[in-house]
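Here's the structure we're looking at; comments come further down.
The values are calculated or read from the model by the stated rules, or taken from the named source; none is laboratory data. Worth saying up front: this structure is predicted, and the values here are computed from it rather than measured. No Cβ is skipped: glycine too gets one built from the backbone with ideal geometry, and neighbour counts run over all protein chains shown. Accessible surface areas use protein heavy atoms only, side chains included; no ligands, DNA or RNA. Shrake-Rupley method; radii C 1.70, N 1.55, O 1.52, S 1.80 Å.
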Amino acid sequence: MPRLRWLMIGLCMAANAINYIDRANLAVAAPSMSKELGLDATDMGLILSGFFWTYAIMQLPFGYVADRVGARLSLVVAVVWWSACTALTAAGRGFLSLLGLRMLLGIGEAGAYPSFAKVAASWFPRGERSFASSIFDSGSRVGSALAIPLVSWVIATLGWRESFIVTGVLGFVWAVFWMWLYREPENHPKVSPEELARLRAAQDRPKTVDAADAQNQVPWLSLFRYRTVWGMMAGFFCLNFVIYFFITWFPTYLVKARGFSLAELGTLGSLPALASIPAGWLGGFASDALYRRGWSLTAARKTCLVGGMLMSSVITLSIIAPNVYVALLCFAVAYGSLAFTAASIWALPGDVAPTPAHVASIGGIQNFASNVAGIVTTTFTGIMLTVTQGSFVIPLIVAGGFCLLGAFIYLFVVGEIAPLPVRDSRVPALRPEAAR
């Protein structure tokens, strides 16, 4: 296999870290911004959710575009766009301007994960795809972990407005390296014909590889006729309902419910995100290892999907934790279990795509549904805090329930983990046995 595959997936991990630093910046800055701009919890909940409206919707066209133009172009456009919007957030003056800038940020960041999934499917064989996915997905935890101390330090040193400028610059630097280094395996001068042949043979690709021909055989809209695609959407919604609590409201929880100072937020507050990084790698390694040991791809992926979702439900136990350290342990186990699960989730688009020209499209479709959860989580939590005068009990109980529901969906709704059958688009509906 081409050794360059690790460089390519490493670049995706770096982009994802920047993605989440920029995304989590507002959550860390929220207490300072609320005080200066006079925003209450409901206002901040709506501002935080504004990102997810555009982010979720734009997953659909971005996935389609990434399949048509390739990950090299789609990803650099996405990173430059969201980095500019991050820096411009420093100019926010109130509710409407901050909401608008967060919505613009969501448009750019929507191109990230569909492009990452396409890179993993293009550069990695099936037996390494889950681990590759865990690497790029761990960038989200790296970014979340770095965001708390980095943004906290910049806010304490310079101010919350300057924190958005500092984090926005990171994406422009990354874009230069991406355009310099990234090529598809077929076009990379350092990938030999023998390496390319071994890679493609190990991927067990369907015969149809031309994007235009593939879209004629399986039009984009027809992907919604598969039960497995709907199961992937619903299961990922459940996981991200909990993930986005960590990304958006967790810093506020530590400050308001556990009395953390800004310094403690930048140290102890980053522990759950740090614990989730190796947990995600373990999830990817375990899923691929089971497959290489002779398990079916379905058994290997679902064992990690279901097991991880079940374990993450311990987040609810933080309600009865006798002290902050036990609570942080519950959060660390929950966040780590979600990361463990996510590695297999992001391997699924490459596993089930009917052709290579549908990987990013399916990745965008499942990520669209998962980020509707971001809208629900941020808004629901903000409203509950307003109604209950700052109590996080109801949001944490609901989060645990979604973990259990996600395990059920991955076990019983998602079908066989295999390329979805190609059917003539003129056929009005798939037969039940084919609509997996």
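Figures for the structure shown
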item: So residue 168, is it of a type outside the set (Ser, Thr, Tyr), at pLDDT 85 or above and more than 17 Å from residue 59 (Cβ to Cβ); result: yes
item: Count of residues meeting criterion [without any contact (Cβ under 8 Å) to a residue 24 or more places away in the chain and over 22 Å from residue 29 (Cβ atoms)] in the stretch 162-177; result: 1
item: Subset of the stretch 68-84 [open to solvent by 10 Å² or more (accessible area, probe 1.4 Å) and either hydroxyl-bearing (Ser, Thr, Tyr) or touching a residue at least 24 places away in the same chain (Cβ under 8 Å) (or both)]; result: 68, 70, 72, 76, 77, 80, 81, 84
item: In the stretch 45-64, residue nearest to residue 222 (Cα to Cα) [restricted to those that are at pLDDT 80 or above and open to solvent by less than 10 Å² (accessible area, probe 1.4 Å)]; result: 63
item: Helices (runs of 4 or more DSSP H) (entirely within the stretch 279-390) containing at least 1 residues that are open to solvent by 20 Å² or more (accessible area, probe 1.4 Å), basic (Lys, Arg) and on the phi < 0 side of the Ramachandran plot; result: 297-312
item: When residues of the stretch 1-44 are limited to those that are of a type in the set (Lys, Arg) and at pLDDT 85 or above, the one surrounded by the fewest Cβ atoms within 10 Å (Cβ to Cβ); result: 3
item: Residue in the stretch 259-266 that is open to solvent by less than 10 Å² (accessible area, probe 1.4 Å) and in a helix (DSSP H, G or I) present; result: yes
item: Filtered residues of the stretch 32-49 (kept if in contact with a Leu (Cβ under 8 Å, 6 or more places away or on another chain) and closer than 18 Å to residue 167 by Cβ); result: 33, 47, 48
item: Candidates 154, 142, 176, filtered to the one that is at pLDDT 90 or above and β-branched (Val, Ile, Thr); result: 176
item: Pair list, Cβ under 8 Å, 6 or more apart: the stretch 381-393 residue free of Cβ contacts under 8 Å to residues at least 60 places away in the same chain, other residue of a type outside the set (Gly, Ala, Ser) and open to solvent by 50 Å² or more (accessible area, probe 1.4 Å); result: 384/394; 388/394
item: Qualifying residue in the stretch 408-428 (condition: under 19 Å from residue 316 (Cα atoms) and modelled with pLDDT of 90 or more); result: yes
